[in-house]
Amino acid sequence: MSQFVPDFKNQKMTDARVAIAVARWNGHITSRLTEGARQTLLEAGFPEDAIDVYEVPGAVELTFAASQLIETEIYDAVIVFGCVIKGDTPHFDYVCQSVTQGITQLNADIDTPVIFGLLTVNNEQQALDRVGGPAGHKGVEAAQTAMDMIRFRRALGV
């Protein structure tokens, strides 16, 4: 079996478009995820008008938003950002499972990559640690993943 490793670093992104669907719930976290992703995409050469940000009320709505954005057929990738902080009820589990299954299903069924940027944390500090703290910046990582997946699809000629 041969291994195909495309040269991602030399492929420019100036003609690609990315949509970001972001939950307003825990907006002090999700806005930082979004800004990290936007900045990363801009630094990679994306024009301002090639990055569209859409807000939805909460994490559960991210799957619907991603589905609708894909149907427009104008985006090369969709990134979803949300933040669910564990509480005292099983609501956390239901929300996390719903979004995870929804985004996984979209990725299995469609040709546009959907990048999973849902923070599922036990407390607010863990979320803050993931938006530029000791655990890195998950917004930056999501943008990098989106670019890698765009390049992957282009290397395959699709």
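The values are calculated or read from the model by the stated rules, or taken from the named source; none is laboratory data. Bear in mind that the values here come from a model prediction, so they are computed numbers and not experimental data. As a convention, Cβ positions derive from the backbone with ideal geometry for all residues, glycine included, and neighbour counts pool all protein chains shown. Surface accessibility is based on the protein's heavy atoms, side chains included, excluding ligands, DNA and RNA. Shrake-Rupley method; radii C 1.70, N 1.55, O 1.52, S 1.80 Å.
Restrict the check to the stretch 17-28 and report whether at least one residue is open to solvent by 30 Å² or more (accessible area, probe 1.4 Å), farther than 30 Å from Asn123 by Cα and not in a strand (DSSP E or B). Give the steps one after another, and end with the answer.
Step one: list which residues in the stretch 17-28 are open to solvent by 30 Å² or more (accessible area, probe 1.4 Å), which gives 17, 24-26, 28.
Narrowing the set further to residues that are farther than 30 Å from Asn123 by Cα leaves 17.
The next check asks that each one be not in a strand (DSSP E or B); those that pass are 17.
Yes, the stretch 17-28 contains a residue that is open to solvent by 30 Å² or more (accessible area, probe 1.4 Å), farther than 30 Å from Asn123 by Cα and not in a strand (DSSP E or B).
Of the residues Gly87, Gly45, Gly36, which is open to solvent by less than 70 Å² (accessible area, probe 1.4 Å), of a type outside the set (Asp, Glu), in contact with a Lys or Arg (Cβ under 8 Å, 6 or more places away or on another chain) and farther than 18 Å from Lys138 by Cβ?
On the way: Gly87 fails: in contact with a Lys or Arg (Cβ under 8 Å, 6 or more places away or on another chain); Gly36 fails: farther than 18 Å from Lys138 by Cβ.
Result of the check over Gly87, Gly45, Gly36: Gly45.
Of the residues in the stretch 86-107, none is within 17 Å of Ala146 (Cα to Cα) and among the small types (Gly, Ala, Ser).
When the residues of the stretch 61-104 are narrowed to those that are part of a helix (DSSP H, G or I) and β-branched (Val, Ile, Thr), which ends up farthest from Val22 (Cα to Cα)? Show your work before the answer.
From the stretch 61-104, those part of a helix (DSSP H, G or I) are 61-71, 91-104; that's our starting set.
Pick out the ones that are also β-branched (Val, Ile, Thr) and you get 63, 70, 95, 99-100, 103-104.
On the way: Thr63: 11, Ile70: 15, Val95: 15, Val99: 13, Thr100: 15, Ile103: 14, Thr104: 17 Å.
The residue in question is Thr104.
For the stretch 140-158, the set of residues classified as of a type in the set (Val, Ile, Thr) and part of a loop (DSSP other than H, G, I, E, B) consists of Val158 only.
Taking the stated definitions as given, is Asp76 within 22 Å of Asp52 (Cβ to Cβ) and open to solvent by 80 Å² or more (accessible area, probe 1.4 Å)? Write out each step before concluding.
Working: within 22 Å of Asp52 (Cβ to Cβ): yes; open to solvent by 80 Å² or more (accessible area, probe 1.4 Å): no.
Considered against the rule, which asks whether it is within 22 Å of Asp52 (Cβ to Cβ) and open to solvent by 80 Å² or more (accessible area, probe 1.4 Å), Asp76 comes out as no.
Kindly indicate whether any position in the stretch 107-123 is closer than 21 Å to Val158 by Cα, modelled with pLDDT of 95 or more, in contact with a helix residue (DSSP H, G or I) (Cβ under 8 Å, 6 or more places away or on another chain) and not in a loop (DSSP other than H, G, I, E, B). So far as the stretch 107-123 goes, yes, one or more of its residues are closer than 21 Å to Val158 by Cα, modelled with pLDDT of 95 or more, in contact with a helix residue (DSSP H, G or I) (Cβ under 8 Å, 6 or more places away or on another chain) and not in a loop (DSSP other than H, G, I, E, B).
The condition (being of a type outside the set (A, V, I, L, M) and either in contact with a Lys or Arg (Cβ under 7 Å, 6 or more places away or on another chain) or crowded, with 20+ Cβ neighbours inside 10 Å (or both)) is satisfied by just one residue among Phe64, Phe92: Phe92.
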